[in-house]
Amino acid sequence: MYLKVILICSCIVQLTAAVLSFRLIRITGRRGAWMFLAAGVSVMAVRRVISLFDLFYRDIEDISSLPWPLFETVGFVSSVLILIGIMMVAPIFHSVRATEREKAKETMRRLDDVVELIDDAIVAVDIGGRITHWNMSAEYIYGYAKGEIVSSSILNLFTKSGEVQEILYEISSGAHIKNYETVHLRRDGRHINVSLTGTPISDAKSGAVAGVSFIVRDITQRVNLIESLRKSLEEKTLLLQEVHHRVKNNMQIISSLIYLQSAQISDGSIIGIFTEMQNRINSMALIHEKLYQTKDLSRIDFRDYVHTLAENIRSSYTQRDYALTIDIDIVNVLLNIETAIPCGLIINELISNSLKYAFVDGKANAVVSISLHRAEDSSLELCVRDNGFGIPAGFDINNTKTLGLKLVKTLVEHQLGGALELICKRAAGTEFKIKFHELVYNQRV
């Protein structure tokens with residue numbers, strides 16, 4: 001029985017050596033692995049010697065009953081097997097543990113290299129605000145060497161009093177701070193804009209917050225670029241406002257010259273022509289006035305524009321002896337200058353036309369209605385109607401001889417690319433309905 005136990009143990013030792021030796025191929029190299037395989041073969045040879053004596057099949061109750069030479073052989077073989085097992089297994093496990101420790105150290109070295117070489121500053125502080133870690137990027141960003149800043153207070157980096165305490169208190173409560181922008185102070189006294197990300201560091205044993213890890217990114221260049229772009233945009237905005245203001249002033253000068261010239265004319269029909277010319281110039285000048293008065297230099301509130309335009313036209317026809325109501329139905333319609341100018345000229349002509357012809361004999365409840373709405377397909381529908389006497393029978397707008405309606409037709413069809421519809425009900429008023437799409441700005445330079 002004792003011999004069977006020895007032989008079974010030898011099998012286990014041999015199997016262990018075989019398995020672990022393959023593990024050693026990856027750890028110690030092939031040379032060490034072959035050494036342990038050779039030891040395993042030696043065990044197998046000892047087993048073979050025992051089997052040659054046919055001891056495995058003998059029913060021996062007590063090893064002392066063996067002949068003295070065999071007793072000594074069994075004792076020797078047992079000692080050899082135990083020593084071989086210890087010699088084979090112990091170095092293997094020692095090599096495995098040593099290799100694993102070396103791998104762990106190598107991993108830590110690589111992580112340290114990553115932390116040191118990353119572009120962002122990595123700064124670790126304890127819960128009291130004393131700096132415990134300072135990487136190479138932190139040296140570059142702040143100008144402090146690692147030896148002179150570690151163990152000092154992080155307060156030296158902040159420009160706002162009380163800011164550090166607030167951040168540390170918030171993070172000590174388990175919170176994370178992401179992309180917090182503030183201003184820090186370099187060693188040379190220069191202020192830099194930074195973006196902070198703070199993460200709590202927990203104690204391995206207690207789990208309590210023991211410190212804070214900061215990732216600091218220098219965003220000074222980005223902040224300066226944004227500020228430069230903002231100033232440039234403000235300058236361009238002021239320039240565009242000045243351009244619109246000057247255009248409006250030039251048109252007003254032209255309108256004033258026409259007015260002065262008309263003051264020397266006594267013919268009423270010619271004065272009317274000059275008045276219409278003034279109104280057309282004023283309608284365009286008003287567009288530029290509204291543009292430089294608004295924050296958005298590309299679009300204007302068309303309701304506000306039409307209201308001012310209608311009042312200006314009404315005041316130019318002060319000789320009318322009837323009360324006129326101008327009803328405006330325009331809600332939340334913003335138009336660019338490309339579309340607003342032709343629309344303004346069209347409204348100017350149609351209102352002037354109503355004031356000149358629709359209420360010739362006076363009317364107690366004279367009304368001119370203007371509406372502009374955007375349809376579901378993004379098209380626009382402009383309607384200008386009055387409740388006057390209507391257009392005479394047989395009138396053909398395609399063959400009209402009046403300059404105003406010719407101008408309207410040209411603006412609608414050729415500039416807006418829309419369709420003009422005339423709805424005339426004798427003694428019940430006239431309505432002009434125009435459908436078009438907002439024009440897209442065409443790059444000219």
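Here are some notes:
- Taking region 126-145 and a reference point 7 angstrom along Cα→Cβ of Ser152, the backbone N atoms nearer than 15 Å belong to 130-135, 138-145.
- Dipole of region 224-297 [Lys/Arg +1, Asp/Glu -1 at C-beta], most positive-end residue of Ser262, Ser232, His288: Ser232
- Kirkwood Rh and Cα Rg combined as Rg over Rh, evaluated for region 245-368: 0.99
- Ordering of 122-128, 267-273 by packing [mean C-beta count within 10 Å, highest first]: 122-128, 267-273
- A convex hull fitted to the Cα coordinates of region 118-218 yields 91 cubic angstrom per residue.
- Entries in Lys236/Lys290; Lys409/Lys435; Lys103/Lys146 that, when Cα-Cα distance is taken, lie over 20 Å: Lys103/Lys146
- Each Lys and Arg Cβ is given +1 and each Asp and Glu Cβ -1; about its Cα centre, region 224-297 then shows a dipole of about 160 debye.
- Estimated FRET transfer efficiency when R0 is 41 angstrom, pair His307-Ser269 (beta carbons, to 0.05): 0.85
- Global geometry of region 264-330, whether rounded, prolate or oblate, following the gyration tensor of its Cα atoms and the 1.5 cut on a/c: oblate
- Only Lys, Arg, Asp and Glu carry charge here, each on its Cβ (+1 for the first two, -1 for the last two); on that basis region 118-218 has a dipole of about 100 debye about its Cα centre.
- Judged by the mean number of other Cβ atoms found within 10 Å, the most tightly packed of the peptides 252-263, 413-424, 393-404 leads the ranking 413-424, 252-263, 393-404.
Every number here is computed from the coordinates shown, using simple stated rules; none is lab data. Since the structure is predicted, the reported quantities are computational estimates derived from the model, not experimental observations. All Cβ positions, glycine included, derive from the backbone under ideal geometry; neighbour counts span all protein chains shown.
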